[in-house]
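The values are calculated or read from the model by the stated rules, or taken from the named source; none is laboratory data. In this text, all values refer to a predicted model and were calculated from it rather than measured experimentally. Glycine also receives a Cβ, built like all others from the backbone with ideal geometry; neighbour counts cover every protein chain displayed. Areas reflect the complete protein model, heavy atoms only, side chains present, ligands, DNA and RNA absent. Shrake-Rupley method; radii C 1.70, N 1.55, O 1.52, S 1.80 Å.
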Amino acid sequence: MTQDPYELLGVGRDADADTIKKAYRKLARQLHPDVNPDPESQERFKQVTAAYEVLSDPQKRAAYDRGGDAFGAGFGGQGAGFSFTDIMDAFFGGQGGGGGAGRGPRSRVRRGQDALIRIEVELAEAAFGVSRELKVDTAVRCTTCGGEGAAPGSHPVPCETCHGQGEVAHVQRSFLGEIRTLRPCAACRGFGTVIPDPCRECAGDGRVRSRRTLTVKIPAGVDNGTRVQLSEQGEVGPGGGPAGDLYVEIHVAPHEVFERHGNDLHCTVTVPMTAAALGTTIELPTLEADLDPSADVQRSFDLQVPSGTQSGHQVVLRGLGVPGLRGGRGDLAVTVAVETPTRLDPRQEELLRELAAIRGEEQPTGDVRPTHKSMFGRLRDAFTAH
């Protein structure tokens, strides 16, 4: 079998690096021992891999093109070495190739984590917006070393173990030959540099914890669970890296009068039986009444309770609810509850009995009906009404 690496990979002598890489990947998928375990395929796979090692290395390829023996002793034999990463690239489509693109030292500077803080606001504050001062405890850039991690006057130096590469090669023998794998350098933890004299303030991390005060503007219309994002106000990253974001989660405290449903407000007004029968006007507070007294807002509304109002009757006041985050405003739904007296003095009882006699209600039979009417029942009532 020919020992020409170009013929083994099936490419011309003028093939570029991408063409050589694609040819190798195609053959590696076909000949890998996990796919074809027969001895002939294994031998062929070793030869193809060794050929790719030559042609993917510009120096080895140039030496071979000049007529040199680029393979050393035993091209395609047990002495041939190859990168395990190249085989993984062939099967999983990596872009590494022989040059090791995408590998190397990792940066000490990384983005910080996001932070979350929860605050409680009143219903009126959630409805109309408010500014709050918050005290947050997060990591900030170390001012002593400027985030570099080294003591003032010193700097990180290249790692002597990996020579600044951030990774070291491990070689092991197998039936395929010598397999080289790259692992992060243990001496520098993959950074490629070491800090001989760490900053005493941050212990080389480039950041310290600090308590600071922020002002957050809570927009009108927020509700329970709404999160307000403060960009780059979270944790500063290792090595003094950019800060993450700070999220302020809103919790709305219960209100003594109003209950919120979406952008609508609900409340219940209790009136005496006599007021429901005769009709009355009630001064109803609005949510704006909870704002600063100096604010020029509508603090109350005259609710008209018409005569004959029944318990459970609902009055909807348009535009007196909660403003929406995207504009508009909800309604205020007022439910009237008619209060029946539980204790009567003799004179009150006498007057009520006299009223019952006048209205012919001394012995009422009651109007018994099902709680929910069927569809046919509702249709029948609709036709009967006409």
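Would you mind finding the one in 342, 371 that is modelled with pLDDT under 75, assigned to a loop (DSSP other than H, G, I, E, B) and closer than 30 Å to residue 272 by Cα?
Criteria check complete, one pass: 371.
One residue is enough: does region 191-201 have a residue meeting the conditions among the aromatic types (Phe, Trp, Tyr), closer than 30 Å to residue 44 by Cβ and modelled with pLDDT under 95?
no
I'm trying to understand the selection: among the residues of region 1-44, which are over 25 Å from residue 58 (Cα atoms) and modelled with pLDDT of 85 or more?
none
Scan 317, 291, 325 and give me the residue that is open to solvent by less than 40 Å² (accessible area, probe 1.4 Å) and under 48 Å from the mean Cα position of the chain (by Cα).
The unique qualifying residue is 317.
Please go through region 195-215 and give me each residue that is out of contact with any Leu (no Cβ under 6 Å at 6 or more places or on another chain), in contact (Cβ under 8 Å) with a residue 60 or more places away in the chain and not acidic (Asp, Glu), ordered by number.
If the condition is that a residue be out of contact with any Leu (no Cβ under 6 Å at 6 or more places or on another chain), in contact (Cβ under 8 Å) with a residue 60 or more places away in the chain and not acidic (Asp, Glu), then 202, 206, 207, 208, 209, 210, 211, 212, 213, 215 are the ones that fit.
Can you tell me which condition residue 197 does not meet? The list is (1) open to solvent by less than 80 Å² (accessible area, probe 1.4 Å); (2) under 20 Å from residue 108 (Cβ atoms); (3) under 35 Å from the mean Cα position of the chain (by Cα), and all the others hold.
Against the list (1) open to solvent by less than 80 Å² (accessible area, probe 1.4 Å); (2) under 20 Å from residue 108 (Cβ atoms); (3) under 35 Å from the mean Cα position of the chain (by Cα), residue 197 comes up short only on (3).
Of all residues being surrounded by 18 or more Cβ atoms within 10 Å (Cβ to Cβ) and in contact with a Phe, Trp or Tyr (Cβ under 9 Å, 6 or more places away or on another chain) in region 240-287, which is farthest from residue 325 (Cα to Cα)? Just the residue, please.
Ranking the qualifying residues of region 240-287, first place goes to 284.
Per-residue answers, yes or no, for (1) within 22 Å of residue 209 (Cα to Cα); (2) modelled with pLDDT of 95 or more; (3) among the aromatic types (Phe, Trp, Tyr):
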| site | (1), (2), (3) |
| --- | --- |
| 239 | yes, no, no |
| 247 | yes, yes, yes |
| 266 | no, yes, no |
| 273 | no, no, no |
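Select from region 144-184 the residues that are at pLDDT below 90 and aliphatic (A, V, I, L, M) and list them in ascending order.
Result: 168, 169, 171, 176, 179, 182.
Just to check your reading of the model, which residue among 139, 187, 220, 151 is under 30 Å from residue 289 (Cβ atoms), surrounded by 13 or more Cβ atoms within 10 Å (Cβ to Cβ), small (Gly, Ala, Ser) and in contact (Cβ under 8 Å) with a residue 24 or more places away in the chain?
Exactly one residue qualifies, and that residue is 220.
Need pairs with beta-carbon distance below 6 Å; first residue within 16 Å of residue 126 (Cα to Cα) and of a type outside the set (Phe, Trp, Tyr) and within region 285-312, second modelled with pLDDT of 90 or more and surrounded by 12 or more Cβ atoms within 10 Å (Cβ to Cβ); sequence gap 6+ or separate chains.
Final answer for the pair search is 286/320; 287/124; 287/127; 290/124; 291/124.
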